[in-house]
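In what follows, a structure is listed as structure tokens, so that the remarks can point back to it.
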Amino acid sequence: MKEYRLDCLGEACPIPLIKAEKKMETMAVSDVLIVMIDHSCAMKNVPEWARKQGHNVDIEEVGDGEWEVIIEKVK
Amino acid sequence: MKQFFLRISENEIYQRLFKNPFTYVGGAVMLAMLNTLTLAFTGNGWGVTGAFGYWGAWTLKLVGIDVSTWASFASESAQKTLAGGFLADGVSVRNLGIILGALLATLLASQFKFKKIKSVRQVVAAVIGGLLMGYGARLAGGCNVGALFSATASLSVSGWVFAACLLVGGYIGSKLLVKFFM
């Protein structure tokens with residue numbers, strides 16, 4: 001199990017989502033991707049996409065207006 | 001004091017009203033109700049970018065450039081708005097309210113943040129995009145609020161034409177975005 005971090009701070013929609021999609025493709029099952037974002041609409045669409053794909057998703061508010069979306073690839 | 005704010009931050013009503021984003025349906029219903037009120041009280045649907053033309057005109061006037069003779073300000077109502085100034089123009093004041101309201105909302109959610117600029121490329125794209133959107137909105141006679149949302153709500157065909165063109169522009173824009181930013 002590997003852990004990857006994707007720095008999307010300062011990036012607006014839909015860049016965090018596209019970056020997360022691309023990164024997830026290169027990862028193996030049970031790897032974990034942590035997407036760092038500070039754009040509130042990415043906090044909605046990144047988890048929404050990942051859940052639709054069936055992955056395990058957790059959101060952590062790490063600071064004012066700053067989140068980490070933690071995605072575990074399940075398939 | 002800290003204890004008090006910690007308790008508020010965990011309060012369910014606070015979270016639903018101020019912290020978590022509204023659902024799409026919830027937002028849509030509120031927009032529809034507010035636009036109905038706007039139409040009923042002002043006689044016009046909600047619009048945003050029309051006022052930006054006046055903001056530009058007033059700014060240019062400050063540095064000594066008079067644009068009141070331009071064709072785009074030729075109508076009687078445009079002349080009146082130009083002469084009346086910022087505070088007499090309801091649309092301008094409402095736009096200011098939207099900006100202040102957005103600030104208030106982000107502060108209430110404790111999500112205010114100065115975001116760092118990632119690259120020169122981001123700045124260039126933002127400036128070009130902003131200019132294109134502003135110019136396009138003036139040519140189209142409105143933006144996605146006035147020319148789309150308010151127009152379709154008033155059963156105007158122009159709103160649907162705008163929507164079709166918006167989709168084409170959005171498609172091209174997303175291709176450019178992937179090309180230059182990924």
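The values are calculated or read from the model by the stated rules, or taken from the named source; none is laboratory data. All figures in this text were calculated on a predicted structure; none of them were measured in a lab. Neighbour counts are summed over all protein chains in view; Cβ atoms, including those assigned to glycine, are modelled from backbone coordinates with ideal geometry.
Side notes on the structure shown:
- Sub-6 Å Cβ pairs linking a first residue in region A:33-47 that is at the interface with another protein chain (Cβ under 10 Å from one of its Cβ atoms) to a second residue that is of a type in the set (K, R), at least 6 apart or interchain, are A:D38/B:K113; A:D38/B:K115, ordered by first then second residue.
- Test: residue in region B:20-27 that is modelled with pLDDT under 95 and of a type in the set (S, T, N, Q): yes
- Selection status of A:K44, closer than 14 Å to A:E21 by Cα and either more than 8 Å from the chain's Cα centre (by Cα) or surrounded by fewer than 13 Cβ atoms within 10 Å (Cβ to Cβ) (or both): no
- Single residue of region B:96-121 satisfying the filter (part of a helix (DSSP H, G or I), within 28 Å of B:N20 (Cα to Cα) and touching a residue at least 12 places away in the same chain (Cβ under 8 Å)) that is farthest from the other protein chains (Cβ to nearest Cβ): B:I98
- Taken together, the criteria exclude A:E21 from residues that are among the acidic types (D, E), surrounded by 21 or more Cβ atoms within 10 Å (Cβ to Cβ), within 18 Å of B:V178 (Cβ to Cβ) and within 12 Å of chain B (Cβ to nearest Cβ).
- Pairs, first under 25 Å from A:L9 (Cα atoms) in region B:122-143, second among the charged types (D, E, K, R), C-beta under 9 Å, six or more apart: B:Q122/A:E11
- Residue, nearest to the chain's Cα centre (by Cα), within region B:10-22, restricted to residues that are more than 10 Å from chain A (Cβ to nearest Cβ) and not aliphatic (A, V, I, L, M): B:F22
- Qualifying residue in region B:82-94 (condition: modelled with pLDDT under 95, out of contact with any strand residue (DSSP E or B) (no Cβ under 6 Å at 6 or more places or on another chain), of a type in the set (V, I, T) and surrounded by fewer than 16 Cβ atoms within 10 Å (Cβ to Cβ)): no
- Only one of the listed residues (B:G56, B:G64, B:G45) is touching a helix residue (DSSP H, G or I) at 6+ places or on another chain (Cβ under 8 Å) and more than 18 Å from B:L104 (Cβ to Cβ). That residue is B:G45.
- Options B:S110, B:S150, B:S156: the member that is of a type in the set (S, T, Y) and closer than 30 Å to B:N11 by Cβ: B:S110
- Residue satisfying condition, being within 14 Å of chain A (Cβ to nearest Cβ) and either within 21 Å of B:G43 (Cα to Cα) or not β-branched (V, I, T) (or both), within set B:S174, B:S154: B:S174
- When region A:25-59 is filtered for residues that are hydrophobic (A, V, I, L, M, F, W, C), at pLDDT 95 or above and in a helix (DSSP H, G or I), the ones remaining, listed by number, are A:V46, A:W49, A:A50.
- Residue count for region A:1-12 satisfying the condition of being in contact with a helix residue (DSSP H, G or I) (Cβ under 7 Å, 6 or more places away or on another chain) and either surrounded by 16 or more Cβ atoms within 10 Å (Cβ to Cβ) or at the interface with chain B (Cβ under 7 Å from one of its Cβ atoms) (or both): 2.
- If you go through region A:60-74 and keep only what is away from every other protein chain (no Cβ under 11 Å) and either assigned to a strand (DSSP E or B) or crowded, with 17+ Cβ neighbours inside 10 Å (or both), you end up with A:E60, A:V62, A:E68, A:V69, A:I70, A:I71, A:E72, A:K73.
- Filter pass, B:F41 being modelled with pLDDT under 90 and out of contact with any Leu (no Cβ under 7 Å at 6 or more places or on another chain): no
- Count of residues meeting criterion [exposed (fewer than 11 other Cβ atoms within 10 Å of the Cβ) and modelled with pLDDT of 95 or more] in region B:103-124: 0
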